[in-house]
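The values are calculated or read from the model by the stated rules, or taken from the named source; none is laboratory data. As the structure is a computational prediction, the values presented were derived from the model and not from experiment. Because the Cβ atoms are built from the backbone with ideal geometry, glycine has one as well, and the counts that use them run over all protein chains shown. Keep in mind that these areas ignore ligands, DNA and RNA; they rest on the heavy atoms of the full protein, side chains included. Shrake-Rupley method; radii C 1.70, N 1.55, O 1.52, S 1.80 Å.
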Amino acid sequence: MRLHVFALMFAACAACDPAYGPSPATLSYVPGDAGVWIDGGLPPTPAEIMCRRFTMDMSALAEAQWSGNSAACDAGNLNEPGRTSIVRHVNLIRFLGGLPEVSDDPVLNARAQSCSLLMAVNGKLSHAPTPEWKCWTQEGAQAAGKSNLSTTPGVQAVQDYMIDHGNQTTLGHRRWLLSNSLGPIGVGSSNSASCLWVIGGKGAVKKAWQAWPPPGVFPYEAYRTKWSNLDVTGWSLQSDSVNLQKATVTVTEDGLPRPTTVTVLKHNYGSKHAISFVPKGWQAKAGRTYHVQIGGIAPAISYDVAMVICR
């Protein structure tokens with residue numbers, strides 16, 4: 001554990017009521033850590049730990065300032081803590097999913113930065129920009145083919161990737177951030193576009209499956225952005241080893257069925273197999289717990305998602 005810490009007086013949060021256990025008074029914490037109880041009393045509950053990590057990391061995020069120049073085809077660079085904020089946001093997502101952190105790589109950062117200039121100058125997104133594009137470079141084009149692309153700056157883009165509106169046949173942006181193979185990543189951003197290098201990672205996680213929202217307590221704030229939400233784009237489950245082609249999904253709330261529309265997603269976007277299941281005639285709500293059962297596979301997968309408000 002890192003030694004540079006500060007005490008955080010407990011702030012009220014919807015997850016931190018008697019239903020989730022008593023609230024401790026003080027917590028040793030730095031952004032990026034799950035938090036460690038230091039002042040006696042009962043240890044924090046899973047909901048408290050999750051909410052503290054989520055709230056502290058989100059409050060520490062700062063969109064990067066870009067030093068480039070579109071007119072001069074200068075890809076520029078990102079200031080700190082802007083670049084670190086993008087990496088922190090990715091690692092917060094992976095923390096929520098129970099996955100290890102990833103780091104960024106300076107070489108991949110430079111290529112992703114050239115990619116973000118390409119997207120910004122030309123006012124469009126493509127994984128295969130051609131030499132006719134303004135400010136085209138080989139590095140930028142290479143990064144475009146290896147990256148998640150967004151018309152928003154890098155920090156905002158991470159949450160947009162997890163909702164993945166308009167990408168419902170693959171949910172590939174989301175699946176790459178939750179991939180077993182992710183890391184290191186390349187971070188690039190301008191004021192109006194960003195690229196996040198995700199393909200070709202060296203991660204060696206052996207997780208059998210990954211859901212989003214994941215099992216356990218989940219911050220309702222991460223369920224939506226101002227553009228869309230998971231009620232629209234769907235919940236998902238991905239795996240490198242479990243064939244989900246014939247998977248069935250049952251979601252219940254307090255024993256009552258919550259129907260979904262299940263879609264088998266295209267292969268090899270951050271995971272070999274994946275499905276989405278979109279709520280049909282209902283919306284997920286904070287303070288509710290949803291039981292998910294994935295059948296049609298052996299063994300079946302079963303888990304609960306408890307939606308809580310952290311802020």
Formal net charge of residues neighbouring Trp235 (Cβ-Cβ distance under 11 Å; K, R +1; D, E -1): +1
Additional length obtainable on full extension of the chain from Ser228 to Thr130, 0.36 nm per residue less Cα span: 32.2 nm
Cα-based reach from Lys206 at 15 Å (exclusive), listing aspartates and glutamates while leaving out same-chain residues under 8 positions away: Glu101, Asp240
Over the range 155-212, relative contact order from alpha-carbon pairs under 8 Å, at least 6 apart, %: 28 percent
Alpha-carbon gyration tensor eigenvalues x 5, square-rooted, for the chain, Å: 33, 26, 16
Neighbour-limited loop hits for chymotrypsin sites (Phe, Trp or Tyr not before Pro), the range 191-279 (at most 14 other Cβ within 10 Å; DSSP other than H, G, I, E, B): Trp227
Cα centroid separation, the range 79-141 to the range 251-311 (Å): 30 Å
Those aspartates and glutamates that a straight Cα-Cα span of less than 12 Å connects to Lys280, excepting residues fewer than 8 apart in one chain: Asp231
Residue-normalised accessible area of the chain, given per residue in Å² at a 1.4 Å probe: 44 Å²
Hits among lysines - C-alpha to C-alpha of Lys124 under 29 Å, sequence gap 8 or more where chains match: Lys134, Lys146, Lys226, Lys266, Lys272
Reference-scaled alpha-carbon Rg (2.2 N^0.38 Å with N residues) for the range 37-131: 1.46
